[in-house]
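Throughout, read-outs are computed from the coordinates displayed, never taken from laboratory work. Owing to the predicted nature of the structure, the values given are computational and were not obtained by experimental measurement. Quick reminder, even Gly has a Cβ in these numbers, built from the backbone with ideal geometry, and neighbours come from all protein chains shown.
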Amino acid sequence: MGAHTLQSFGKGTNENQDCFVASTDGNKFLAGVFDGHGEKGKRISEFAKSALSKNLFSHKELHSDPKHALESAYKDTQSMIERNHGPDAAESGTTAVACYQHRDRLLVANVGDSRAVLGRCDTARKGGLKAVELTSDHKPSRADEKQRILAAGGKVDQLTFPVWNGSGGVRLMRGGPERVMDSSGFGGLAMSRSLGDLSLRPYVSSLPEVSERKLDAKDRFLVLGSDGVWDQLSSQEAVDIASRVPDPVHAAREIANQARRRWQSETEGLLSDDITAVVVRLDHNADDGNAASSSAMPPHARTSQNFYRPPGSGSATPMARPPFDRRVEGNSRMDRLERVGRAQYAGRSSQPSDRLSQTIGGGGPNAFQRENWGAGEGRHRRPPGNASEGQHRHRSLGHSKSDPSLGHRCRHTVHGGGGTMSRNDLLPPAGR
């Protein structure tokens, strides 16, 4: 397994709200990506990551009925968010896409617009791999999702922004993706399902779509990513990258870096979303004797927190593995990846930069990297030529959660579903 995550810039936030889990134990694994949004998005995504993992592996029916166990884990996680983080989760939430493999069974669950893709051999592609999308993005524009929202009494509409014309007047223009709003026009979430987002229930659902698939030798790897990846790369492009790069650590890094380059090119260096990619190579020769009890966490747990902690420093999440000194160094896949990663890190020269990225997989507890994405990143530059600020703002509205105007706490007049409200705290919590 390998993972790579990059923090956004140009959105007015100073934290990466993405997180992930990548846990393996013998012939089963759990991989997941969580993309937080809203003012407390990071807190909700980190909590959901830990709670969902714990709820799944402690479920009594994990082995006998893993599909039901995965569905229940999502339901229990939403209940825990409501109980423990109710005020924070009123206008903040997270996506959650999770893949659980046990022997030749692959269970996939999803809420939101993060995505899981399978790389599968395809004879029609002359030995190449075909991208098979295992999830369908939960967007308000999806026909079945829009019907569900409207039937529940909610609204689906674009946000309306003031645009200054050349004669000095102002006109209102709808722009950006369709968003979920309540019956009064409050809201503005560019996804139709999530964990959290309590103020938009029941229009925004926490019920996951769950599918099951039997794996065979043609199934080579999985790619999971937040929408920071999928807004810029197609599923097939991500699979093509992972098929060219055998090491999942390097493959995840290249997918994330390619998405970042496209963000920079498209926005002239002004904007990028949080980006997270996870790559899992499917091992069809797993030893059936290494199955762990469903009441305990897998020992080789990798998350966006605890992978970096120094040996013996304790766990950062319930999924932390035992300290290094209690683990016998062997020749398993994870052990080999760790040794390779440590060797690569030892020979890597540090280069100054102003942005910290994280690469997970074989890098060990010191797997930090600094990557320079070029001068001008994060600086608010006016667009070239004579384009007005209003024109430039409108041009940026195509992204699901990346319009710079949504990332700053300032006074907006928001028109949605025919309503008009003047608020200075509406847009930042919506955040997408």
Requested in this report: Using the charge dipole of segment 39-169 (Lys, Arg: +1 at Cβ; Asp, Glu: -1 at Cβ; taken about the Cα centre), state which of A89, F161, T77 has its Cα farthest towards the positive end.
Outcome: T77
Query raised in the report: Put a dot 7 Å past each Cα toward the Cβ at A151 and E268; how far apart are the dots in nm?
Result: 4.6 nm
Query raised in the report: Could you give me the ³J(HN,Hα) list for segment 172-182, computed from phi with Karplus coefficients 6.51, -1.76, 1.60 and θ = phi - 60°, whole Hz, x at Gly and Pro?
Result: 8, 9, 6, x, x, x, 5, 10, 8, 9, 7
Query raised in the report: In nm, to one decimal, how far is the modelled label at E82 from the one at R201, with both set 7 Å along Cα→Cβ?
Result: 0.3 nm
Query raised in the report: Along the charge dipole of segment 10-156, Cβ charges K/R +1 and D/E -1, which of Q101, L129, I44 sits furthest on the positive end?
Result: L129
Report task. Restricting things to alpha carbons, tell me how big segment 23-116 is in terms of Rg and Dmax, in Å. Result -> 13.2, 41
Query - Length gained when the stretch R244-M173 is fully extended (0.36 nm per residue, less Cα-Cα span) - result: 21.2 nm
Query raised in the report: lysines near K42 by alpha-carbon distance under 16 Å, same-chain residues fewer than 8 away left out - which ones?
Result: K11, K401
Report summary line: Cα-Cα longer than 21 Å, checked against K28/K130; K49/K75; K54/K214; K49/K155; K28/K49, kept in input order, equals K28/K130; K54/K214; K49/K155
Requested in this report: Quick one: grab the alpha carbon gyration tensor of segment 30-188, order the square roots of its eigenvalues as a ≥ b ≥ c, and give me rounded if a/c is under 1.5, else prolate or oblate depending on whether a/b is larger than b/c.
Outcome: oblate
Query raised in the report: What's the extension gain from K60 to R103 if we count 0.36 nm per residue and subtract their Cα-Cα distance?
Result: 13.7 nm
Query raised in the report: In nm, to one decimal, how far is the modelled label at R220 from the one at N14, with both set 7 Å along Cα→Cβ?
Result: 4.4 nm
Query raised in the report: Roughly how many whole Å is it from the C-alpha centroid of segment 142-204 to that of segment 1-79?
Result: 26 Å
Query raised in the report: For segment 188-282, how big is the tail of P(r) above 22 Å, as a whole percent of Cα pairs?
Result: 45 percent
Report task. Pull out the extension gain between T123 and S136, defined as 0.36 nm times the separation in residues minus the alpha carbon to alpha carbon distance; nm, one decimal. Result -> 2.2 nm
